[in-house]
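No value in this document is a laboratory result; all are computed from the given coordinates. Computed from a prediction, not measured in an experiment: that's the story for all the values here. Here the Cβ positions follow ideal geometry from the backbone for every residue, glycine too, while neighbour counts run over all protein chains shown.
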Amino acid sequence: MKFRKIILSLIIALLSYPLATFAQVEISGFDIIQNVYNRPTGDDQKGKLTMTLINSRGDQRIREIKQYLKDFGYVEKKIMFFISPADVRNTSFMNWSYDEEGRDDDQWIYLPALKRVKRISSDSKSDYFMGSDFTYDDLGDRHPLEDKHILLRQEKLDDEDCYVVESIPKEEDYMYSRTVTWIIKDKWIGLKKEFYDEDGEHLKTLSVQNYKKIEDYWIITNSQMYNVQKEHTTNMILENLEIDTGLSDTWFTERMMKRGI
């Protein structure tokens, strides 16, 4: 009787092992993107951004920005103040990204020459932001449910084990026909992302140049967007980052956009 129980236990264990292993390995494209979307980055952040624009001839323009971000639970708010050079100084941009499915980001820009805050319309979100290779839409957080996500394969990139996920927008007239993202398995960081235009042609590539752990959060500190069609590059470096400082809600208002820092 005891022997039969031992044999039965071994059979159950052997049958269960492949199923358990399979359950650990199998993950959907949606689950992967959802994990990236939900990666914790703190309740709030503030830091300095250096944006370097490089054209096809190698000419550079450098812009310095102060950035503030706060997670309100149902919405994440971000505000950026341009510090230099003089031609963009006091320009500010604000983005509110909602967790609610189907709700577009709210975005505003303050242009000191006009002395007024302008709301970014949905038709303008494909425009490029301040001469960079990032569109206004790129600056927000796209909700995972807005796309169909397909796990293409698993492979190494920059010595990191990655999932490769293709995301196809559900809306017909979206600015990108699809994107392909390499996501680090244990950190849920998008290490590389390829964007394809409405004709299915490769438009640009976002590459993470550096990331590190700051106060238990994985933070991207250096990224590069390269437009392969225009041969234009935008480098973004995040420095002097402070996390969970208790930022006031009043930072994220049109009044603050006009006031500046």
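Report the local net charge at Cys162: Lys and Arg +1, Asp and Glu -1, summed over other residues whose C-beta lies under 11 Å from its C-beta.
Cβ neighbours under 11 Å give a net charge of -1.
Can you give me the distance in nm between label points at Arg61 and Glu172, each placed 7 Å from the Cα along the Cα-to-Cβ direction?
3.7
Based on other C-beta atoms within 10 Å, arrange Glu231, Glu146 from fewest to most.
Glu231, Glu146
Here are several values of Rg/Rh (Cα atoms, Kirkwood Rh): (1) 0.95; (2) 1.07; (3) 1.04. Which one was derived from the coordinates shown?
(2)
Sum -39500 (n - 2.57) across every DSSP H segment of at least 4 residues in the chain, then divide by the residue count to get the 222 nm mean residue ellipticity, nearest 500.
Helix contribution divided over all residues of the chain: -4500 deg cm²/dmol.
Largest first and to the nearest Å, give the Cα extent of the stretch 165-236 along each principal axis.
Cα spread of the stretch 165-236 along its principal axes, largest to smallest: 42, 28, 15 Å.
Please compute the length gained on full extension between Ser84 and Lys48, using 0.36 nm multiplied by the number of residues separating them and subtracting their Cα-Cα distance.
Result: 11.8 nm gained on full extension.
Quick check on my link table: of Lys70/Lys187; Lys78/Lys185; Lys115/Lys192; Lys46/Lys187; Lys118/Lys156, which ones sit more than 32 Å apart, alpha carbon to alpha carbon?
Lys115/Lys192; Lys118/Lys156
Taking H placed 1.01 Å from N in the peptide plane, check which residues at least 5 places from Leu152 or on another chain put their amide H under 5 Å from its amide H.
Residues meeting the amide H criterion: Val164, Val165, Glu166.
Give the residue from Phe252, Thr205, Phe134 lying farthest towards the positive end of the charge dipole for the chain; charges sit on Cβ (+1 for Lys and Arg, -1 for Asp and Glu) and the dipole is referred to the Cα centre.
The residue sitting farthest along the positive end of the dipole is Phe252.
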